[in-house]
Structures are given as structure tokens and as C-alpha cells.
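Enquirer: Attaching a single structure in C-alpha cells format; questions to follow.
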Amino acid sequence: MPKLTINGIELEVERGTSVLEAARFLGIPIPTLCHDDGLTPYGACRLCVVEVGTPPRSKLQTACTLSADDGLVVNTHTARVERARQLLLELYVATSPQSKTIQDLAARYGVAGVRLVPKFEDCIQCGKCVRICREQMMAGAIGFAYRGPRRKVMSPFSWQSEVCRHCGACLYICPVCELRCHGAQAETTLCSGCLNFAPACLDYHDHAMCFLDPCVACELAGPLRQDLVWPVQKSAESSTKGERT
Amino acid sequence: MSTTTEVEALLGRRAPRAEELIAVLQEIQEQFHYLPEEALRTVSRRLRLPLTQVFHVATFYNCFSLEPVGEHLVQVCLGTACHVRGAGRVLDRLLRDLKLGEPGTTPDFTFTVRTLRCVGCCALAPVVRVDANTHPHLTQAKVPGLLKKYRPKDKEQPQAAD
Amino acid sequence: MRTKLHTVADLEAQRALCVKAGAQAKPCLSVCTGSGCSASGAHDVIEGLRKALERAGLRDAVDIKSTGCHGFCEKGPLTLVWPEGVFYNRVAARDAKDIVASLSNGRRPVERLLYQDPATGARILREEEVPFYARQQRVLFGNNGKIDPKSIEDYLGVGGYAALARVLTELAPEQVVDWVQRSGLRGRGGAGFPTGKKWDVMRQQPATPKYIICNADEGDPGAFMDRSLLEGNPHSVLEGMLIGAYALGAREGYIYVRAEYPLAVEHLRAALAQAEECGLLGENILGSSLNFRIHLVQGAGAFVCGEETALIASLEGRVGEPQPRPPYPVQKGLWGKPTVINNVKTWASVPVIVNRGPEWYAAIGTEGSKGTMVFSLVGKINNTGLVEVPMGITLREMIYDIGGGIPNGKKLKAVQIGGPSGGCIPASLIDLPIDYEALTQAGSMMGSGGMVVMDESTCMVDVARYFMEFLEEESCGKCFPCREGTQRLRELLTRISQGKGTEDDLRLLDDLSWVVRETSLCGLGQTAPNPVLTTLRYFRDEYLAHVRERRCPAKVCKELITYSIEPTLCDGCHACVRVCTTEAILGEKDAVHSIDSTKCIKCGACLEVCQPKAVLVT
């Protein structure tokens, strides 16, 4: 059984375990976008990178595709890893700012601002829809096509696929088009309201009124978190909107 | 002969194995000058590969085209050596003369203009390949003459400033 | 029909015949018909020579041979006269008569076709005396000018397949690997990984079957070394692969060659057919227990397929999307089996190492970089072509002694080494020795040998943008940082070149470059930011000029320049009006002309034709 070291902790695992699985077993959180326990690892989102080896000969590698081999030395929260996560998430927010999943991740990992023009793309090409269609639904109706900047998910020739059974699994598993942020100024603000579970409604009720989507009370409370607002949005309008009287 | 029959014949000459996919598509591209939808469906059936995989391969590589190409394939090399020697201007002139906004096929299907990176004749930069012929040391001024050589005689058009 | 060679003795007997035939050969005119010279009319030259010989009644007395690339493409078409070795350059079909005449006139060479030294004006007789060649050490390319690539007999005549024979009779497979390790050979495809080490790891893999692959997907724009070797001496690569198969226990090999190299494909096909005919490929090669077949596969046009895991995917009929490494191909490669992939030049170096011995090879070059390296010297340089030099030679020697300096009296600005994955070395580092470590430390990379020379009229921001455009298009698109990062980098660089950038953008370029390099899945993404990083490092002042002053010092970026006509220099010849496609030039013949900047698209056509140099770019 291979023995590896994660964050200084020695761990013995079954052969074939990935570093991501080993880290999760230890309770160490590693962000992911293209990973799902029910699907084969893909290694495309790069968010789960960890530092492998000892500096100066260490490299960043994705934990989901890395096999937990004997003697491996892994560190999941070094400065290099943190910087990589922040810059990647900055790129992700710029690509699909409307995604709640991405916004939450960005807020959690300390993305202070986004310096790139947002593109509002509906797809980050994580491949989850393609994989669930092929591996779980055994249909393979959609797939990737083209290369580089033109690459996208589609059904061949754009015709409605003959093998598509309209099961909706692709919609279910998508981290971008499924979960849109419903907060105020979703397209310009990283409020992290959903991560800080202190809903305003607890001031009036015995327990919170929502578990998944923030209700109006949180939408209004959101913009007060000025420390997490994009620099470009520091306008008079936003600072008065959520003010309580 | 329908596309399907021709493609079946082509496939019949090869072992029906997954690794033959690219070679098969190359043959189809050469024969038809593009990859017709029907052909790709036939290949998917015969090689027992998901249509999504065949489609991805067909759209991944530069050599394949899902749309018919013109009679003459004009490929402007934009490799580093050619770029440094002004290939970009040659391409611009070519597109202007053919009234194309970007690389593509002329409405009368005489020419398809594409860019490619490096045919390996860097000492002769800038280079333009038309069909199987490599034309060295191109300049903007030589573009009209080059097009004239390949234009069918009955389709002579008044040239832009020569 | 060729005789099948069943034993090493058969091979040597056949070789003796070829050598004898070569020695008794009639005088020969060998014309280079590599892709370059062919595009310049080499075939017309051959036709012309044939006719001229016919007319002079010398058809049976003199041979015409078409050879592979000699490397001095700038001066092509090239023709050599044997046995003297007279070197003619820029030969045209109409020169045939004089060349043939010179064969009888007391064999006095045709002066005007001899190479002329630009400094002294002296005419040089033989190839090896020409400065371009004199300083080279043509270990791999030396035979290109002597053999017909479509003739295995010619290859045998210059000692071909002797290394294979030696290996089969004298060395055990482990010894071959040991020799390659001792020679210090490093992969010539770009990364420079020690070849012997790779082979050693492969030997230790228990899984079978094992495969070897020749990576002939030379995708770096500006590089054509592999093309020339494959066109001019394909058997040298086959021999290397045979030796590799023996050393590594492989029964099947693949050569993956770009679709954009049709002549290389043709010559490889012929070489493979001939080798099979002679029994040098197949079963029980030369009477030994070695069984080995080579399959030729064409690429379908994707730069990323030069990456080894993408190449393997392509061989398996899939899209060329790279796989994360580890596991490496030597552990799990083609069909999940141990596979060694080496570049064309690496394979061709193997017979040399066997023939001359590992110590001989290790004596060439520097401490960390042994042997010779082949560069394609192109761009703003007088002598463009292929150059094979010992590792450790300085950039200064390459550019001035071999390359003949920069044309039109311009100044050297930078040298881009290693293709899009490499970086720009500024003129200030011109005394840098060319070896793997020195280049990496300078922020560049050896790469596969592309060397593009740039002068003061090249804008480095434009160069970075150009490479980013290329990488953005060629990215397979699977992993996020490479796909998005190259796009964003290209967009940023375009904005900067249009004068719309800010200094904050430079910081953003740095950050984006860092994350693309650190988190991309494969080598393409990991090295994609190199052009940006090296130009920012060495040419920051140009970037600052673009963002602070909205000025392009090299006068290239279209939005930042204006074309105008200097009234005192214009002679009214009207040549510019004739070439202007947007009617932006106003003026009557014989009167001073002017440019309407609202219509001018800055294509540069007028600049090209203006004799009095009245067109100004500011």
C-alpha cells in the first residue's frame, strides 16, 4: 500500500487512490470545478493543483489526476498554490461571472478584484456534461468539438442528437448554467453572502428562511460587504442601496 | 455513386480499427475535398466509434474541412520567418483582392484562402502555397499576378490597382 | 529488384559494390532538390542540364543527381560539380549551357555562379570554403549534398547501415544504451532530456510490447531541420530507429510526420520500401533475432501533436489532447505500453554515436550539452539556411561569421530561439554560448533549433502578440489556463499594440503569464508565456513606449504610425499611386504627392516601390 505525505501528515492508502481522495480523507479542502466523484477524473479546470515535491524542484500538479504513489510529498496550501488558485479564479470569474459556484469559490479563496473584461460565457468546458452523458447515462449525445478558442460542447452537426434521451443530466451537473447567482449586482460583485451564513432574516424569525438560494433579505444585505466589492463598483449608487434606516 | 457507397468502398480497403480514423478521414478529405456529413456518419457506423468522437477529430485538425473548398487552395504561410518578412501584408492584399473579410472561400468557389504555420521553406519567406506549388519571395505587388495564373480563363476580372 | 541482404556479410558485399560504383562514377552534377530549392526552380535547372548535356553529346558521360537539402537555402538553387566539388549558387535553367560547357573547357568553372564573399568580393570555389559552411560541423547533414535520398545504394556507399551491423554483431542491447548515455546525447526535439536516461528507463519496464516513435511533427514555425533531414537522408533516421529497436526491445516503430511536408513523406515511403526490399526491415534482420517494422503515419495539421502524449493520442485515432504526466510515455505510452519517442535529429545521431564511439561525440560541445545542434537560421539575416554547429558556439559567431550579418545595414535587435515555446535573446547577450543551460538561464529555451533573427524594424510587442496568436489557435483547448489564458494574453497584447494599454496591463501580463505557466496541463501551455516573459524582461522600454507614449519605436504597430510623403524628396513618379489599393495617395504625375491618412491602411506597398525614399513612416 503506497505511503505518501500530505501537508506533513503521513498517510497509507489503497493503490489507485488519487491525491485528491487522499487529501479529502484527511479533511483537507481542495477546490475543484471539473471533478465529480461519480465521473472519471478529467484534469481540465486545474483548480485542484497542489505542490508536489520539495522546492526548488517542486511542481504544481492537479490532485484529481495524480495517483497517490509511494513516497510522494504533497503540500496543498503553500503560497504558490494559493496564488495559483486566486489567479485561476480571477480568470474564471472574468469568464463566467454569473455563475454562483464560481463566485462562491472566488470569494472563499480571497479574490480581491477582477482586472479582466467579463465575457459572460455559459460554458467553462469542465466536461462534466459530456462525461455524465457518456459514463452515467450511457448515451454520448454531446461531446467536444473544434480546438483552442473555438472549442465547445455540442452535438455533432448541431442537429438534435438521435441518442439524446432528454434526461437533463447535463443541465443538472453544470456548475455554470445551472446555478446562477441571484444576488444583487451578480454580474459585478463578489459579495460572498452565501458563504457567510448570517442572514438578515434571523433578526426577525427563529430560523433562516432559505438553504440554497439567498432570499431578498440577503440580496439587500449583500452590497454592505464593501470589502469584497469590486473596486469598479464603488459608486454612490451601490453604497446607498443597502443602507438601513 | 453516392457518398456513402464511395466511403464504404474506401473503408473496405482498410482494417475497421479505431486507430485508422485519422487516416480514413484524410483519404475522404483528399477524395471529396472536404468531409461530408454523410461520410462522417458512415465512418462512425463502420468503425464503431461514437459520432461525437468522429466529429471532434474531424473538427480538431487543420487538414480537415466540413465545408467544400474552392478549386484552388491558397495557403499563406504565417510562420515566424515569413511574418518577420511581411507575410501579413501579403495575406491582407490577397484577402482584399479576393474581397474576403477573413480567410475563407470565394463565393464562386475558385479560391480558398487559408493560413498555415510553416511549410519549412523559411529561407524563401514570404511563402504562399497554391495547391501543390510553393511560391517563394512573395510581395504585395506579386499577388495579382499570382491570382491571375490560377484564375480560370473565362473568369478574368478587372484587377484592383496592379 | 534489389538483393535481399540476409547477413552482415551480404551487407558489406553490397556496400563494396556501391563504393566501387561510386569511385568509378562518371563526373556528376548534383542539384539540390529539397523543398526550398525546388520552389526556386531546381527542377527547371535539372531539365536544363539534361537538355544541355544531350546537345553537347555528354548524356552518357555525365550523371545528373538530385540530392536533398544542402542547407544554404538563401542561395538556392544549388548545384555541385563532382568530382571537383565546385559549388554553384543561384543557378537558373538558362545557366545550364554554360555549366555543361565548363565541363569540357579545361574544366574552368563558371565565375558568375560561384559564391562571392560579400566582404572581400572574392569568388569561392568549393562548398567547404564558403564561410557559411566552413564554420559548421555537419555531422548529421554532411551527406545531404552527396547522396540521392531515393537511393539506398548511395546511402550504403557513404557507410550507411554499418552502425546497425556493428550493433548486431558486437554490442548487447544494454551496451547500446550505455553508449548513448555516455555520449551525453540530449533529446533534440526541444526539451533536451538525456536520451540515454530515457532509454534506460524504458529498458527497465516489464510490460510488452514496446514501441518506438520518431517525432517528425516539426511544428515550430521557422524550423525546417527535420524536413531537410527527412528529405535528404531518410535512411539515417531509419538506421537510428533500427538500432533503438534492438537496444530497447521494440518490434514496431512509427514515424509521425507532418502533413505539410509532402516531399518528406514521399522520400520516407521510398526509403522504407527499399529497406524492406533489402531485408533491413522485417524479420531476422541481417540474420539476427531482430524483428522490426516501421509504419509511416501522417499528421493532420495540429501543432500540439508535437507534444508526445498528444502525438500518441493522434496515433491512436483520437484528438491530439495531451495527457497529464506522470505517467510518462516510457512507462505508459502507445496503447498504454512502454514507448520511447525521440525527435528526427536524435534518431539520426544514434548511428553516428555507434560509428564514431560515444567518447568522440562527447568531446564535441560543452559540459552539459554534447554533440552538434542543427539550427534553422532565418529572418533578418544575410545567409538564411540550415546550420549545424558544435554546442557552445556563441550567438555572435552564428549571426556574423556564419550568418553573414544583418542585411541592408540594419542593426541586430534580438534572436528568437526555440520557436513559440522559446524566447527572445537581446543583442546585448550576443556572446552567449549556445547550450541548453545558458539559454534556459537567459529565459529562453533551445527548442528544436529554430533561430529567427530580428532587426531594429521588428517591434517586440508585435512579436509577442504574433506568438500568442499562434499558440492561442494551436492550443488544444482542454485545460482552462491555456485556453483562456492565451486568449486573454493575446487580447492584452493587441490592445497594447494599438496604444490602448496601461501600465497596470503590464502587471496583468506578468500575473497571467505566471498562472498559465504554472498550471497548464502540458508543455504547450507551460511554455506559451515565454515570448511575453522574455520580451517584457529584455524589451520593457518598448512596452512602456507603447503604454506611456502611445508610440511604437520600431514603427510597426499600425494604429501608432502614420505614412506620409516628404515633399522635398518626392519626384512625382506616380509609382506609389499605382500600387495603392485604397486610393489614399493624391497627386498628379510629376507633381508632389501626398497621402490621405484617413484612407491609408498602412500596408506598406508604397514604401516598397518608392525609389527616392520619399515615403516616411512616423
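The values are calculated or read from the model by the stated rules, or taken from the named source; none is laboratory data. Here the structure is a predicted model, which is why all the values come from computation and not from measurement. In this analysis, Cβ positions are derived from the backbone assuming ideal geometry, glycine residues included, and neighbour counts consider all displayed protein chains. SASA here: full protein model, heavy atoms, side chains in, ligands and nucleic acids out. Shrake-Rupley method; radii C 1.70, N 1.55, O 1.52, S 1.80 Å.
Enquirer: Scan the range C:299-308 and give yes if some residue there is farther than 24 Å from C:Gln331 by Cβ, touching a helix residue (DSSP H, G or I) at 6+ places or on another chain (Cβ under 6 Å) and among the β-branched types (Val, Ile, Thr), otherwise no.
Expert: Looking for residues that are farther than 24 Å from C:Gln331 by Cβ, touching a helix residue (DSSP H, G or I) at 6+ places or on another chain (Cβ under 6 Å) and among the β-branched types (Val, Ile, Thr), one finds none in the range C:299-308, hence no.
Enquirer: With the requirement that a residue be more than 18 Å from C:Met460 (Cβ to Cβ), assigned to a loop (DSSP other than H, G, I, E, B) and of a type in the set (Gly, Ala, Ser), what does the range C:494-523 give you?
Expert: Hit for the range C:494-523 is C:Ser520, nothing else.
Enquirer: May I ask you to verify whether C:Tyr254 is under 24 Å from C:Val201 (Cβ atoms), open to solvent by 10 Å² or more (accessible area, probe 1.4 Å) and out of contact with any strand residue (DSSP E or B) (no Cβ under 7 Å at 6 or more places or on another chain)?
Expert: So C:Tyr254 does not fit the description; no.
Enquirer: Another question, if that's okay. Please specify each residue of the range A:55-80 satisfying the condition of being of a type in the set (A, V, I, L, M) and open to solvent by less than 50 Å² (accessible area, probe 1.4 Å). Even if it seems obvious, please write down each step before you answer.
Expert: Here is the first cut: in the range A:55-80, the residues of a type in the set (A, V, I, L, M) are A:60, A:63, A:66, A:68, A:72-74, A:79.
Within the range A:55-80, A:Leu60, A:Ala63, A:Leu66, A:Ala68, A:Leu72, A:Val74 qualify.
Enquirer: Would you mind telling me which numbered condition in (1) farther than 30 Å from C:Val516 by Cβ; (2) out of contact with any strand residue (DSSP E or B) (no Cβ under 9 Å at 6 or more places or on another chain); (3) not hydroxyl-bearing (Ser, Thr, Tyr) C:Val577 fails?
Expert: Exception for C:Val577: condition (2).
Enquirer: For the range C:33-140, give me every one of the helices (runs of 4 or more DSSP H) that falls completely inside it and has 3 or more residues that are among the hydrophobic types (A, V, I, L, M, F, W, C) and within 26 Å of the chain's Cα centre (by Cα). First the steps, then the outcome.
Expert: Details: elements: C:35-39, C:42-55, C:96-104, C:131-134.
It comes to C:42-55.
Enquirer: Can I ask one more? Hey, can you tell me all the residues within the range C:257-267 that are within 12 Å of chain B (Cβ to nearest Cβ) and surrounded by fewer than 24 Cβ atoms within 10 Å (Cβ to Cβ)? Don't jump to the end; show me each part of the working.
Expert: Here is the first cut: in the range C:257-267, the ones within 12 Å of chain B (Cβ to nearest Cβ) are C:257-266.
Correct list: C:Ala259, C:Pro262, C:Leu263, C:Val265, C:Glu266.
Enquirer: May I pose another question? Is it true that some residue in the range C:35-49 is touching a Phe, Trp or Tyr at 6+ places or on another chain (Cβ under 9 Å) and of a type outside the set (Phe, Trp, Tyr)?
Expert: Checking the range C:35-49: at least one residue is touching a Phe, Trp or Tyr at 6+ places or on another chain (Cβ under 9 Å) and of a type outside the set (Phe, Trp, Tyr).
Enquirer: Considering only the range B:28-38, I want to know if a residue exists there that is part of a loop (DSSP other than H, G, I, E, B) and open to solvent by less than 30 Å² (accessible area, probe 1.4 Å). Don't jump to the end; show me each part of the working.
Expert: Looking only at the range B:28-38, we keep the residues that are part of a loop (DSSP other than H, G, I, E, B), and these are B:33-36.
Checking which are open to solvent by less than 30 Å² (accessible area, probe 1.4 Å) leaves us with B:35-36.
Within the range B:28-38 (the criterion being part of a loop (DSSP other than H, G, I, E, B) and open to solvent by less than 30 Å² (accessible area, probe 1.4 Å)), the answer is yes, since at least one residue qualifies.
Enquirer: Further question: Among (1) touching a strand residue (DSSP E or B) at 6+ places or on another chain (Cβ under 9 Å); (2) touching a residue at least 24 places away in the same chain (Cβ under 8 Å), there is one condition C:Ser236 misses while meeting the rest; what is its number?
Expert: Result: C:Ser236 fails condition (1) only.
Enquirer: Something else now. Could you tell me whether C:Leu311 is among the hydrophobic types (A, V, I, L, M, F, W, C), open to solvent by less than 10 Å² (accessible area, probe 1.4 Å), assigned to a helix (DSSP H, G or I) and within 14 Å of chain B (Cβ to nearest Cβ)?
Expert: Values: among the hydrophobic types (A, V, I, L, M, F, W, C): yes; open to solvent by less than 10 Å² (accessible area, probe 1.4 Å): yes; assigned to a helix (DSSP H, G or I): yes; within 14 Å of chain B (Cβ to nearest Cβ): yes.
It is true that C:Leu311 is among the hydrophobic types (A, V, I, L, M, F, W, C), open to solvent by less than 10 Å² (accessible area, probe 1.4 Å), assigned to a helix (DSSP H, G or I) and within 14 Å of chain B (Cβ to nearest Cβ).
Enquirer: For the range C:445-472, which positions are out of contact with any strand residue (DSSP E or B) (no Cβ under 9 Å at 6 or more places or on another chain), assigned to a helix (DSSP H, G or I) and not hydroxyl-bearing (Ser, Thr, Tyr)? Please lay out each step first, then the result.
Expert: Applying the first criterion (out of contact with any strand residue (DSSP E or B) (no Cβ under 9 Å at 6 or more places or on another chain)) to the range C:445-472 yields C:459, C:461-462, C:465-466, C:468-472.
From what is left, the residues that are assigned to a helix (DSSP H, G or I) are C:461-462, C:465-466, C:468-472.
Within the range C:445-472, C:Val461, C:Asp462, C:Arg465, C:Met468, C:Glu469, C:Phe470, C:Leu471, C:Glu472 meet the criteria.
Enquirer: Scanning for something in the same structural domain as B:Cys118 (by TED's automatic domain parsing), assigned to a loop (DSSP other than H, G, I, E, B) and under 26 Å from C:Leu311 (Cβ atoms), does the range B:41-53 turn up at least one residue? Please lay out each step first, then the result.
Expert: First, pick out the residues of the range B:41-53 that are in the same structural domain as B:Cys118 (by TED's automatic domain parsing): none.
Scanning the range B:41-53, I find no residue that is in the same structural domain as B:Cys118 (by TED's automatic domain parsing), assigned to a loop (DSSP other than H, G, I, E, B) and under 26 Å from C:Leu311 (Cβ atoms), so the answer is no.
Enquirer: Can you tell me which of C:Pro322, C:Pro327 is in a loop (DSSP other than H, G, I, E, B), closer than 19 Å to C:Gly523 by Cα and touching a Cys at 6+ places or on another chain (Cβ under 9 Å)?
Expert: It is C:Pro322.
Enquirer: For the range C:72-109, which residues satisfy the criterion of being modelled with pLDDT of 85 or more and small (Gly, Ala, Ser)?
Expert: Those that are modelled with pLDDT of 85 or more and small (Gly, Ala, Ser): C:Ala92, C:Ala93, C:Ala96, C:Ala101, C:Ser102.
Enquirer: Quick one: in the range A:12-32, of everything that is touching a residue at least 24 places away in the same chain (Cβ under 8 Å) and not β-branched (Val, Ile, Thr), which residue is most open to solvent (accessible area, probe 1.4 Å)?
Expert: The initial filter retains those residues of the range A:12-32 that are touching a residue at least 24 places away in the same chain (Cβ under 8 Å), namely A:13, A:16-23, A:28, A:30-32.
From what is left, the residues that are not β-branched (Val, Ile, Thr) are A:16, A:18, A:20-23, A:31.
Working: A:Gly16: 66, A:Ser18: 16, A:Leu20: 1, A:Glu21: 96, A:Ala22: 2, A:Ala23: 0, A:Pro31: 7 Å².
Among those that are touching a residue at least 24 places away in the same chain (Cβ under 8 Å) and not β-branched (Val, Ile, Thr), it is A:Glu21.
Enquirer: Does C:Tyr254 satisfy being within 14 Å of another protein chain (Cβ to nearest Cβ), within 27 Å of C:Gly419 (Cβ to Cβ), out of contact with any Pro (no Cβ under 7 Å at 6 or more places or on another chain) and at pLDDT 95 or above?
Expert: On the way: within 14 Å of another protein chain (Cβ to nearest Cβ): yes; within 27 Å of C:Gly419 (Cβ to Cβ): yes; out of contact with any Pro (no Cβ under 7 Å at 6 or more places or on another chain): yes; at pLDDT 95 or above: yes.
Judged against the criteria, C:Tyr254 is a match.
Enquirer: Also, I was wondering about something else. Scan the range C:570-592 and give yes if some residue there is part of a helix (DSSP H, G or I), at negative phi and crowded, with 20+ Cβ neighbours inside 10 Å, otherwise no.
Expert: Scanning the range C:570-592, I find at least one residue that is part of a helix (DSSP H, G or I), at negative phi and crowded, with 20+ Cβ neighbours inside 10 Å, so the answer is yes.
Enquirer: Something else now. Any residue at all in the range C:37-58 that's within 14 Å of chain B (Cβ to nearest Cβ) and closer than 30 Å to C:Arg166 by Cα?
Expert: Checked against the condition, which is being within 14 Å of chain B (Cβ to nearest Cβ) and closer than 30 Å to C:Arg166 by Cα, the range C:37-58 yields no hits at all.
Enquirer: Only one of these conditions is not met by A:Val153: (1) under 22 Å from A:Pro41 (Cα atoms); (2) more than 14 Å from chain B (Cβ to nearest Cβ); (3) out of contact with any Leu (no Cβ under 8 Å at 6 or more places or on another chain). Which number is it?
Expert: (2)
Enquirer: Would you please name the residue that is nearest to the other protein chains (Cβ to nearest Cβ), looking only at residues in the range B:92-125 that are open to solvent by 10 Å² or more (accessible area, probe 1.4 Å) and within 23 Å of C:Arg258 (Cβ to Cβ)?
Expert: B:Arg117
Enquirer: Any residue that is open to solvent by 10 Å² or more (accessible area, probe 1.4 Å), within 24 Å of B:Arg89 (Cα to Cα) and of a type in the set (S, T, N, Q) - is there at least one of those in the range C:404-414?
Expert: Checked against the condition, which is being open to solvent by 10 Å² or more (accessible area, probe 1.4 Å), within 24 Å of B:Arg89 (Cα to Cα) and of a type in the set (S, T, N, Q), the range C:404-414 yields at least one hit.
Enquirer: Under the condition of being part of a strand (DSSP E or B) and at the interface with chain B (Cβ under 8 Å from one of its Cβ atoms), which residue from the range C:278-308 is nearest to C:Thr169 (Cα to Cα)?
Expert: Checking each candidate, the answer is C:Val297.
Enquirer: Turning to a different aspect of this structure: Of the residues C:Ser457, C:Ser448, which is away from chain A (no Cβ under 14 Å) and open to solvent by 20 Å² or more (accessible area, probe 1.4 Å)?
Expert: Sole residue among the options that is away from chain A (no Cβ under 14 Å) and open to solvent by 20 Å² or more (accessible area, probe 1.4 Å): C:Ser457.
Enquirer: Could you list, in sequence order, all residues of the range C:84-124 that are more than 20 Å from C:Ile64 (Cα to Cα), surrounded by fewer than 15 Cβ atoms within 10 Å (Cβ to Cβ) and touching a residue at least 24 places away in the same chain (Cβ under 8 Å)?
Expert: C:Pro118
Enquirer: For the range B:53-79: of the residues being within 9 Å of chain C (Cβ to nearest Cβ) and farther than 17 Å from B:His33 by Cα, which is most open to solvent (accessible area, probe 1.4 Å)?
Expert: B:Gln53
Enquirer: A follow-up question, please. From the residues in the range A:33-49 that are of a type outside the set (Asp, Glu) and more than 11 Å from chain C (Cβ to nearest Cβ), which one is least open to solvent (accessible area, probe 1.4 Å)?
Expert: A:Leu39
Enquirer: Just the residues that are closer than 22 Å to B:Gly88 by Cβ and within 7 Å of another protein chain (Cβ to nearest Cβ), please, taken from the range C:466-487.
Expert: C:Tyr466, C:Phe470, C:Glu472, C:Glu473, C:Glu474, C:Ser475, C:Gln487 - these are the residues of the range C:466-487 that are closer than 22 Å to B:Gly88 by Cβ and within 7 Å of another protein chain (Cβ to nearest Cβ).
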